[in-house]
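Novice: Can you read through this structure? Questions will come right after.
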Amino acid sequence: MESRTRLILLVVVVFSVIIAGFLFTAYVDNEATVNIESESAERVIYTMETVGDLAPYKAHCTEIGGVLNECGSACATGSDLCVKGCALTCELVDATPVWEIYANENVGIQMPYRSDMTVYEDLEGQHGPLVSFSLWGPTQIENSEFFDGVGISIRRRELASGESPLSLAQEQEAQSRNVGEILSGIETITLAGRSGFGFMEQTVGAPVKRMFIKVDDDTVLDIGIALADPTDEGFASVTRKMFDALVIK
């Protein structure tokens with residue numbers, strides 16, 4: 001009887017070890033399904049291959065505080081060369097964005113901007129000094145039309161003989177009408193205490209608000225704001241905060 005009990009206990013122990021080994025292997029195999037090609041502060045790039053089961057990737061992305069994007073950029077941050085196309089990525093979310101102040105005497109403005117924005121300056125531009133701010137949304141694809149995020153350009157232009165903010169708005173509206181759609185016609189606007197004219201256009205990608213703001217009798221600010229927010233990232237609020245505090249010098 002004692003020998004039989006020992007035999008039963010031995011069988012139970014062996015069976016338990018087999019089951020534990022099976023569960024451990026299954027766990028390891030499940031972990032191995034989350035392939036990571038590269039990581040940066042902005043995103044984790046998993047793979048460009050078709051993934052049958054997204055559940056492990058969703059779990060991993062949620063765990064690290066990101067948003068899973070089934071057609072994200074395959075380009076690693078800072079990479080000059082990369083393969084164009086959709087990649088399965090985890091777009092990392094900055095819960096506490098930092099705001100900084102941009103000021104430039106050549107463009108003649110001062111305004112706040114989010115530190116995770118890309119800032120570009122062309123102070124020797126043919127049509128006058130320019131600064132632009134851009135911030136991509138999680139579904140935006142590199143080297144494609146702009147459909148997720150906010151892009152702001154501000155150029156200081158000297159008026160030629162016979163030009164005015166209204167004539168520039170009319171000229172730009174006519175050009176836009178030939179290649180796209182005018183969503184709202186020219187109207188009088190006020191920005192940072194200055195008057196001007198603006199309209200809404202859409203050619204390729206996101207709608208764009210065009211504004212021509214009078215600085216003085218010889219100068220205007222030519223402003224464009226492209227904005228689309230399909231995943232509700234709050235880009236409209238970011239834009240309002242920037243322009244509510246705009247100072248034109």
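Novice: Of the residues F197, F212, only one is free of Cβ contacts under 8 Å to residues at least 40 places away in the same chain and touching a helix residue (DSSP H, G or I) at 6+ places or on another chain (Cβ under 8 Å); which?
Specialist: Of F197, F212, the one residue that is free of Cβ contacts under 8 Å to residues at least 40 places away in the same chain and touching a helix residue (DSSP H, G or I) at 6+ places or on another chain (Cβ under 8 Å) is F197.
Novice: Scanning region 62-87 for residues that are assigned to a loop (DSSP other than H, G, I, E, B), among the β-branched types (V, I, T) and touching a strand residue (DSSP E or B) at 6+ places or on another chain (Cβ under 8 Å), which turns out modelled with the lowest pLDDT? Let's see the steps before the verdict.
Specialist: Let us first name the residues in region 62-87 that are assigned to a loop (DSSP other than H, G, I, E, B), namely 64-65, 74-85.
So of that shortlist, the ones also among the β-branched types (V, I, T) come out as 64, 77, 83.
When the remaining residues are screened for being touching a strand residue (DSSP E or B) at 6+ places or on another chain (Cβ under 8 Å), the result is 64, 77.
Values: I64: 85, T77: 56.
Going through the qualifying residues, I end up with T77.
Novice: Then there is this: Of the numbered conditions (1) within 30 Å of A74 (Cβ to Cβ); (2) part of a loop (DSSP other than H, G, I, E, B), E121 satisfies every one except a single condition; which is it?
Specialist: With respect to (1) within 30 Å of A74 (Cβ to Cβ); (2) part of a loop (DSSP other than H, G, I, E, B), E121 is out only on (2).
Novice: Has region 137-153 got any residue that is closer than 24 Å to E105 by Cα and of a type in the set (F, W, Y)?
Specialist: Checked against the condition, which is being closer than 24 Å to E105 by Cα and of a type in the set (F, W, Y), region 137-153 yields no hits at all.
Novice: May I pose another question? Count, please, the residues in region 37-58 that happen to be more than 21 Å from G137 (Cα to Cα) and loosely packed, with under 13 Cβ neighbours inside 10 Å.
Specialist: Residues meeting the conditions: 5.
Novice: Could you go through region 212-225 and let me know if any residue there is crowded, with 20+ Cβ neighbours inside 10 Å, under 14 Å from F146 (Cα atoms), at pLDDT 95 or above and under 19 Å from the mean Cα position of the chain (by Cα).
Specialist: Yes - at least one qualifying residue is present in region 212-225.
Novice: Still on this model: Somewhere in region 87-109, is a residue over 30 Å from E49 (Cα atoms) and charged (D, E, K, R)?
Specialist: Yes, region 87-109 contains a residue that is over 30 Å from E49 (Cα atoms) and charged (D, E, K, R).
Novice: Looking at region 98-122 only, could you name the residues that are of a type outside the set (F, W, Y), farther than 17 Å from G149 by Cα and surrounded by 13 or more Cβ atoms within 10 Å (Cβ to Cβ)? Let's see the steps before the verdict.
Specialist: First, the residues of region 98-122 that are of a type outside the set (F, W, Y): 98, 100-101, 103-112, 114-119, 121-122.
Filter once more, keeping what is farther than 17 Å from G149 by Cα: 98, 100-101, 103-112, 121-122.
Listed by number, the residues that qualify are N104, N106, V107, G108, I109, Q110, M111, P112, E121, D122.
Novice: Of the numbered conditions (1) assigned to a loop (DSSP other than H, G, I, E, B); (2) at pLDDT 70 or above; (3) of a type in the set (S, T, Y), Y102 satisfies every one except a single condition; which is it?
Specialist: (1)
Novice: Would you please name the residue that is surrounded by the fewest Cβ atoms within 10 Å (Cβ to Cβ), looking only at residues in region 169-208 that are in contact with a Phe, Trp or Tyr (Cβ under 8 Å, 6 or more places away or on another chain) and charged (D, E, K, R)?
Specialist: E187
Novice: Here's something else I'd like to know. Go through region 135-155 and give me each residue that's within 19 Å of A74 (Cα to Cα) and either in contact with a His (Cβ under 8 Å, 6 or more places away or on another chain) or surrounded by fewer than 18 Cβ atoms within 10 Å (Cβ to Cβ) (or both).
Specialist: Within region 135-155, E142, N143, S144, E145, F147 meet the criteria.
Novice: OK, next. Please go through region 88-97 and give me each residue that is modelled with pLDDT under 85 and surrounded by 11 or more Cβ atoms within 10 Å (Cβ to Cβ), ordered by number.
Specialist: Going residue by residue through region 88-97, those that are modelled with pLDDT under 85 are 91-97.
Once the filter is applied, which keeps residues that are modelled with pLDDT under 85 and surrounded by 11 or more Cβ atoms within 10 Å (Cβ to Cβ), region 88-97 yields E91, L92, V93, D94, P97.
Novice: So, restricting to strands (runs of 3 or more DSSP E) that lie completely within region 137-249, which ones have at least 2 residues that are of a type in the set (D, E, K, R)?
Specialist: Details: elements: 149-158, 181-191, 194-202, 208-216, 219-228.
Answer list for region 137-249: 149-158, 181-191, 194-202, 208-216.
The values are calculated or read from the model by the stated rules, or taken from the named source; none is laboratory data. In this text, all values refer to a predicted model and were calculated from it rather than measured experimentally. Ideal geometry is used to build each Cβ from the backbone, glycine not excepted, and the neighbour counts take in all protein chains shown.
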